[in-house]
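Trainee: For reference, the structure I am asking about is given below.
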Amino acid sequence: MIVIGERINTSRKAINEALGRRDRVFFQEEARKQEAAGATFIDVNCGSRLKSEFEDFMWLVEAVQEVVSISLCLDSPDPKVLAEGLKRVNKRPLINSITLEKERYAALAPIIEGDAADVIGLCMDDTGIPNTSEKTVENALRLVEKLEGLGLKRSSIYLDPLVQPVSVDTENGKAALKSISTIMQSLPGVHTTCGLSNVSYGLPERFLVNRTFLVCAVAHGLDSAIIDPLDKKIMTSVITAEMIMGKDEYCGEFIDAMREGKLVS
Amino acid sequence: MADLTKVVDAVYKGRLKEIQGLVQEALDTGAEPNTILDEALVKGMDVVTQKWKEGQVFVPEVLRSAKTMQSGMDILKPFLVKGSGEAKGVFAIGTVKGDLHDIGKNLVAMLLESVGYKVINLGIDLDPSVFVEQVEKGVKYLGISALLTTTIPQMKVIIDSLEEAGLRSKCKVWVGGAPVTQEYAEEIGADFYAVDAAHCIDQLNSLR
């Protein structure tokens, strides 16, 4: 599983405060812990800081990459922030995110052209977030065609099917799972990823809903997720689900995780 | 005398299969149609939104109650005297330009409708002029939704446009959506920040 460690996000209060006081040690510790827990990328997002996002973001990139050996996931609503971030990283990053929305696509295409970075592609266009799996898959196919046209390798593309809350329509979970399996079958080599907080909106015991959805998604071919790698329960579910899906040769990852005390039941 | 508590309870618990029979029974036992509407159907929705606010019930239950309420209304409608059961007010709601999110906004629209407001759901990705037009047409309550840090500045554009058109004092403006905060609402000059539909309903009722 390609784990995009989500902890450095200023929508979390402690993170926002630490960024306000430029607490370098705090962020370096956050980053190190995520790498040690098995993150593949460290997501960096300070989009909630409307007025100072640009400077905040560059400071974060600098501070984080100093202490980790893995790549960053540059996560911003602002293409200018992403373009500058890409110049500042010393390892090929993952860019979060591009969509089929005309304006956003046009702003981001030059940044990633020629396979300059890995990229998360949200399966939406100017008509909005799809409400059927068919439309999601159609967007996925269009987006991959366009990105490949820009010179991106298929393996550089991470498609997010944009799971919607099951609380408002109980078909939503199933639709996202169907999108994942159809995308993985029709676009071999591409990655699928997703965040988990949407699926559980409006329900109690949200972590349980998130975790169970993730297991279902792994069973439908999902190979990446934007999660908290320090959450032992979610990591346990991921490692176990991948083993069950035949992605863990000789069950090595699972058994190692047990020996390292990473599994909780 | 008709026992309306059964109807209130059925709306609150979302008993879709029973609601129509219970409304019919209330009518048959002599309850006034308007009383059934206000004291039973709307009251049931008030109970459920209040409990939702307190974290005791959850979104799917609220949706089921709203559907139950509507189903009860289908029986009641032909009996409501003309001019009675009028909307408490007109609320126009939409998502700002560049923003395509609609789940939260639709939830607010549905719940306001179920507690007796007439709701005009304007849609998503809307030009500021669409909001201004509504106030020109006499709409007094305006709800603006934005779910992205890149699109919430549009809320200010809308409020400024209302100001320029000389319409700001003619309406109350609500803002809502994940990145919106009370401070931001105050900064851009909105009248209310509603964290969810239940708070919006309380704020609307406080104006009456």
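The values are calculated or read from the model by the stated rules, or taken from the named source; none is laboratory data. Keep in mind that this is a model prediction, so the values were computed, not measured. Methodologically, a virtual Cβ is constructed for each residue, glycine included, from the backbone with ideal geometry; neighbour enumeration extends over all protein chains shown. Heavy atoms of the whole protein, side chains included, go into the accessibility calculation; ligands, DNA and RNA do not. Shrake-Rupley method; radii C 1.70, N 1.55, O 1.52, S 1.80 Å.
Trainee: Under the classification rounded if a/c is under 1.5, otherwise prolate if a/b is larger than b/c and oblate if not, where does the range B:124-207 fall, given a ≥ b ≥ c as square roots of the Cα gyration tensor eigenvalues?
Mentor: Verdict is oblate for the range B:124-207.
Trainee: Can you pull out the trypsin sites (Lys or Arg not before Pro) in the range A:70-178 whose DSSP state is coil and whose Cβ has at most 11 other Cβ atoms within 10 Å? Intermediate results must be reported in sequence, preceding the final value.
Mentor: Numbers: sites: A:Lys80, A:Lys87, A:Arg88, A:Lys91, A:Lys102, A:Arg104, A:Lys135, A:Arg142, A:Lys146, A:Lys153, A:Arg154, A:Lys174, A:Lys178; in loops: A:Lys91, A:Lys153.
Passing sites in the range A:70-178 are A:Lys91.
Trainee: Please give the calculated 222 nm ellipticity per residue for chain A, where each DSSP H segment of at least 4 residues contributes -39500 (n - 2.57) and the sum is spread over every residue; nearest 500 deg cm²/dmol?
Mentor: Numbers: 10 runs with 122 residues, N = 265.
Computed ellipticity for chain A at 222 nm equals -14500 deg cm²/dmol.
Trainee: To the nearest 20 debye, what is the magnitude of the charge dipole of the protein assembly as shown about its Cα centre, counting +1 on the Cβ of each Lys and Arg and -1 on the Cβ of each Asp and Glu?
Mentor: Numbers: 53 positive and 68 negative charges, 70 e Å.
Roughly 340 debye for the protein assembly as shown.
Trainee: Mind jotting down the distance between the C-alpha centroids of the range B:125-183 and the range B:25-67, whole Å?
Mentor: Measuring centre to centre over Cα atoms gives 30 Å.
Trainee: Take the alpha carbon atoms of the range A:103-136, find their center, do the same for the range A:32-72, and report the distance between the two centers in whole angstrom.
Mentor: 22 Å
Trainee: Cα gyration tensor of the range B:77-172, axes a ≥ b ≥ c as square roots of the eigenvalues: rounded (a/c below 1.5), prolate (a/b > b/c) or oblate? Before the final figure, lay out the partial values.
Mentor: Working: a/c = 3.08, a/b = 1.54, b/c = 2.01.
Note, shape of the range B:77-172 comes out oblate.
Trainee: Mind checking which lysines have their C-alpha under 21 Å from B:Lys13, skipping anything on the same chain fewer than 8 residues away?
Mentor: B:Lys13 reaches B:Lys43, B:Lys51, B:Lys53, B:Lys67.
Trainee: Of A:Leu214, A:Leu177, which has the most accessible area with a 1.4 Å probe, and how do the rest follow in descending order?
Mentor: Numbers: A:Leu214 0, A:Leu177 25 Å².
Of A:Leu214, A:Leu177, the descending order of accessible area is A:Leu177, A:Leu214.
Trainee: Quick one: Karplus J couplings for the range A:42-51, per residue in order, coefficients 6.51, -1.76, 1.60, θ = phi - 60°, nearest Hz, x for Gly and Pro?
Mentor: Taking θ as phi minus 60°, the curve returns 9, 6, 10, 9, 10, x, 6, 8, 3, 8 Hz for the range A:42-51.
Trainee: Another question about this same structure. Work out, step by step, the length gained on full extension between A:Leu203 and A:Gln185: first 0.36 nm times the residue separation, then minus their alpha carbon distance; give nm to one decimal.
Mentor: Values: separation 18, 0.36 × 18 = 6.48 nm, distance 3.13 nm.
Answer, rounded to one decimal: 3.3 nm.
Trainee: Can you list the lysines whose alpha carbon is less than 17 Å from that of B:Lys140, not counting same-chain residues fewer than 8 positions off?
Mentor: List returned: B:Lys88, B:Lys118, B:Lys170, B:Lys172.
Trainee: On a 1.4 Å probe surface of the protein chains, which of B:Lys172, B:Lys77, B:Lys137 comes out largest in accessible area, and what is the full order? It would help to have the intermediate numbers written out before the result.
Mentor: Numbers: B:Lys172 80, B:Lys77 120, B:Lys137 150 Å².
These residues rank, largest area first, as B:Lys137, B:Lys77, B:Lys172.
Trainee: Treat every Asp and Glu Cβ in chain B as -1 and every Lys and Arg Cβ as +1, leave all other atoms uncharged, and give the resulting dipole magnitude about the Cα centre to the nearest 20 debye.
Mentor: On the way: 22 positive and 29 negative charges, 70 e Å.
Approximately 340 debye in magnitude.
Trainee: Please report the accessible area of B:Ser206 (heavy atoms, 1.4 Å probe, ligands and nucleic acids excluded) in Å², nearest 10.
Mentor: 80 Å²
Trainee: While we're looking at this one, here's another question. Compute the whole-percent fraction of alpha carbon pairs in the range A:114-265 spaced more than 24 Å apart.
Mentor: Working: 4096 of 11476 pairs.
Percent of Cα pairs beyond 24 Å in the range A:114-265: 36.
Trainee: Could you give me the ³J(HN,Hα) list for the range A:66-83, computed from phi with Karplus coefficients 6.51, -1.76, 1.60 and θ = phi - 60°, whole Hz, x at Gly and Pro?
Mentor: With the stated coefficients, the range A:66-83 comes to 4, 10, 10, 9, 9, 7, 9, 10, 7, 10, 8, x, 9, x, 5, 5, 5, 4 Hz.
Trainee: Turning to a different aspect of this structure: Where in the range B:43-104 are there trypsin sites (Lys or Arg not before Pro) that are in a DSSP coil and have at most 11 other Cβ atoms within 10 angstrom of their Cβ?
Mentor: Passing both the DSSP loop test and the Cβ count: B:Lys82.
Trainee: Would you grab the residues whose amide H sits under 5 Å from the one on B:Phe91? Only those 5+ places off in sequence or on another chain, please, with H modelled 1.01 Å from N.
Mentor: Amide H neighbours of B:Phe91: B:Lys118, B:Val119, B:Ile120.
Trainee: Longest segment of chain A with no GluC sites (Glu not before Pro) in a DSSP loop having at most 12 other Cβ atoms within 10 Å?
Mentor: On the way: sites that count: A:Glu66, A:Glu205, A:Glu260.
That would be A:67-204.
Trainee: Would you tell me the accessible area of A:Arg12, worked out with a 1.4 angstrom probe on the heavy atoms of the protein chains, in Å² to the nearest 10?
Mentor: For A:Arg12, solvent-accessible area is about 90 Å².
Trainee: Moving on to the next point. Read phi for every residue in the range A:19-24 and hand back ³J(HN,Hα) as whole Hz from Karplus 6.51 cos²θ - 1.76 cosθ + 1.60, θ = phi - 60°, with x for Gly and Pro.
Mentor: So the J values, rounded to whole Hz, are 5, x, 9, 6, 7, 4.
Trainee: Treating cross-link reach as a plain straight distance, find the lysines whose alpha-carbon is under 24 Å from the alpha-carbon of A:Lys135, omitting any fewer than eight places away in the same chain.
Mentor: A:Lys102, A:Lys146, A:Lys153, A:Lys174, A:Lys178, B:Lys97, B:Lys105
Trainee: Same structure, new question: Could you calculate the contour length gain from A:Lys102 to A:Glu17, that is, 0.36 nm times the residue separation minus the distance between their Cα atoms, to one decimal place in nm? Spell out each step's value before the answer.
Mentor: Working: separation 85, 0.36 × 85 = 30.60 nm, distance 3.49 nm.
Full extension from A:Lys102 to A:Glu17 adds 27.1 nm.
Trainee: Going toward the positive end of the dipole of the range A:79-118, with +1 on Lys and Arg Cβ and -1 on Asp and Glu Cβ, which of A:Asn90, A:Ala107, A:Pro79 do you reach last?
Mentor: The Cα lying farthest towards the positive end belongs to A:Asn90.
Trainee: Another one. Please state the shape class of the protein assembly as shown: rounded when a/c is under 1.5, otherwise prolate if a/b exceeds b/c and oblate if not, all from the C-alpha gyration tensor.
Mentor: Here the protein assembly as shown falls in the prolate category.
Trainee: Continuing with this model, one more query. Rounded to the nearest 500 deg cm²/dmol, what is the calculated helix-only ellipticity per residue at 222 nm for chain B, with -39500 (n - 2.57) per DSSP H run of length n ≥ 4? Could you put the intermediate results ahead of the total?
Mentor: Values: 10 runs with 105 residues, N = 208.
The helix contribution divided over chain B gives -15000 deg cm²/dmol.
Trainee: Multiplying the sequence separation of B:Asp202 and B:Glu136 by 0.36 nm and subtracting their Cα-Cα distance, what value in nm do you get? Walk me through the numbers on the way to the answer.
Mentor: Numbers: separation 66, 0.36 × 66 = 23.76 nm, distance 2.54 nm.
The B:Asp202-B:Glu136 span can extend by a further 21.2 nm.
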